[in-house]
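Have a look at the structure below before the remarks.
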Amino acid sequence: MKIVDVKTFVVGVPPPHFGGRYWIFLKLIADNGIVGYGEVYSVPFHPHVVARMIEDVCERKVIGSDPFHIEKLWRNIYGSGYTQRPDTSILGILSGIEMACWDMVGKALNKPAYELLGGKVHEKLRTYTYIYPEPSDKTDIYHDAELSAERAANYVKLGYTAVKFDPIGPYSSFDPRQLSLEGLALGEKFAKLIREAVGDQCDLLFGTHGQLTPASAIRLAKRLEPFDPLWFEEPTPPEQPEEMATVARQTSIPIATGERLTTKYEFSRVLACKSASILQMALGRVGGLLEGKKIAGMAEAHYAQIAPHLYCGPIAAAADIQLSTCSPNFLIQESILNFGGFHAQILNKPINWQAGYIIPPNEPGLGVTLNEALAAAHPYTGNRLHLEMTEYPVVFEIL
């Protein structure tokens, strides 16, 4: 069995763009007709440039390879061009290729990928979602604590047992910063009102995106502790996990991090300095399924748990589901609402989400297939990247 061709899809996500402005998918094709799908997450170049980067890597390293030889292929791509370091660009591309290989291998053996990575541990997977805006909203839900609390209560009625929110303003290329007193008060207000709205039926996940200095994060954590969040997410930027450990040592709230990290090497630093007890690898960036499994294994030895990150399309979500299903230290899986809307339409069979839980698929490989006609009918024509930082220092929070 040899890989003989690759095809890329740069898909524009229709409004309201939940999961990003676009998704980048790839399809590997084998000489026996088996195909495998993968997804590349948030490489910091225009997606059509990324598609060409995928094709370049496949032309040089993937075409002619056996998809079963994942470790060998991984090392050859990781070391290509004499880089051999955790770079988000090559690792994003490698991640999509790697998960496509697992999709092919599972199909060749007629087994879900999780059965080939240790076997099913969890019959269903607990999920959480961000609190999202709706077309009828009259205010910005990310700054309206009362509206967010009302929406969180509605999510609980749907079956969610955890919701996430980030109310502390934009993230900037000039972060980290010290929050204003108004910003601290707003974060505290969100936690207070949402806790009152959901009671003990639902965990609070306080999301940040590396906006804070350690000192500011500690000040905010003290205000949040009375409401017992399940985690405080990425309170400081990703470059220095040792500084995040400063925050972890001074709060009772578990710290979660990892969406911007790649490879076992960066996660080993997180574990070594005890900067987080919940790891949020994004499988479309971290290095793929097997790399995610290795990180989960390292975490298990430290009694840390995994909560795979997801703010992209449903192929990466399918890979997350495979990893979560076979990992003993799985905690919770990020979902984008109930994986309805465009997430469901772009697949030939949608992800099975039921009352707050994902039911792992029995189909082989990643358990999903791409609706290629629909993908081709929604090309991305914009100029903006998947996620972008504000390009000025945030000197005060806009409330």
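The values are calculated or read from the model by the stated rules, or taken from the named source; none is laboratory data. Predicted model, so just to flag it, every value in this text is computed and none were measured. Neighbour counts run over all protein chains shown; Cβ positions are idealised from the backbone, glycine included.
Of note:
- Pairing residues of the stretch 80-107 that are basic (Lys, Arg) with residues that are in a helix (DSSP H, G or I), at Cβ distances under 9 Å and at least 6 apart in sequence or on separate chains, gives 85/78; 85/263; 85/265.
- Among residues of the stretch 122-140 being of a type outside the set (Phe, Trp, Tyr) and either in the same structural domain as residue 63 (by TED's automatic domain parsing) or assigned to a strand (DSSP E or B) (or both), the one that is surrounded by the most Cβ atoms within 10 Å (Cβ to Cβ) is 127.
- Within the set 155, 171, the sole residue that is of a type outside the set (A, V, I, L, M, F, W, C), closer than 25 Å to residue 389 by Cβ, crowded, with 20+ Cβ neighbours inside 10 Å and assigned by TED's automatic domain parsing to the domain that holds residue 312 turns out to be 171.
- Among the residues of the stretch 141-165, those that are on the phi < 0 side of the Ramachandran plot and not in a helix (DSSP H, G or I) comprise 141, 142, 143, 144, 160, 161, 162, 163, 164, 165.
- Count - residues of the stretch 281-298 that are without any contact (Cβ under 8 Å) to a residue 60 or more places away in the chain and buried (at least 24 other Cβ atoms within 10 Å of the Cβ): 4
- Meets criteria (at pLDDT 95 or above, in a loop (DSSP other than H, G, I, E, B), at positive phi and not assigned by TED's automatic domain parsing to the domain that holds residue 30) for residue 119: yes
- Single match in 269, 260 (criterion: in a loop (DSSP other than H, G, I, E, B), of a type in the set (D, E, K, R) and either touching a residue at least 12 places away in the same chain (Cβ under 8 Å) or under 20 Å from residue 365 (Cβ atoms) (or both)): 260
- The residues of the stretch 174-191 that are surrounded by fewer than 20 Cβ atoms within 10 Å (Cβ to Cβ) and in contact with a Lys or Arg (Cβ under 9 Å, 6 or more places away or on another chain), listed by number, are 178, 184, 185, 188.
- The one condition in (1) outside any strand (DSSP E or B); (2) without any contact (Cβ under 8 Å) to a residue 60 or more places away in the chain that residue 1 fails to fulfil: (2)
- Subset of the stretch 166-182 that is in contact (Cβ under 8 Å) with a residue 24 or more places away in the chain and outside any loop (DSSP other than H, G, I, E, B) - its residue that is nearest to residue 309 (Cα to Cα): 172
- Among the conditions (1) modelled with pLDDT of 95 or more; (2) on the phi > 0 side of the Ramachandran plot, residue 82 misses just one, which is (1).
- Residue 224 meets all of the listed conditions (1) in a helix (DSSP H, G or I); (2) of a type in the set (A, V, I, L, M); (3) touching a Cys at 6+ places or on another chain (Cβ under 9 Å) but one, namely (3).
- Checked against the criteria, residue 240 counts as surrounded by fewer than 19 Cβ atoms within 10 Å (Cβ to Cβ), free of Cβ contacts under 8 Å to residues at least 12 places away in the same chain and either closer than 18 Å to residue 210 by Cα or assigned by TED's automatic domain parsing to the domain that holds residue 170 (or both).
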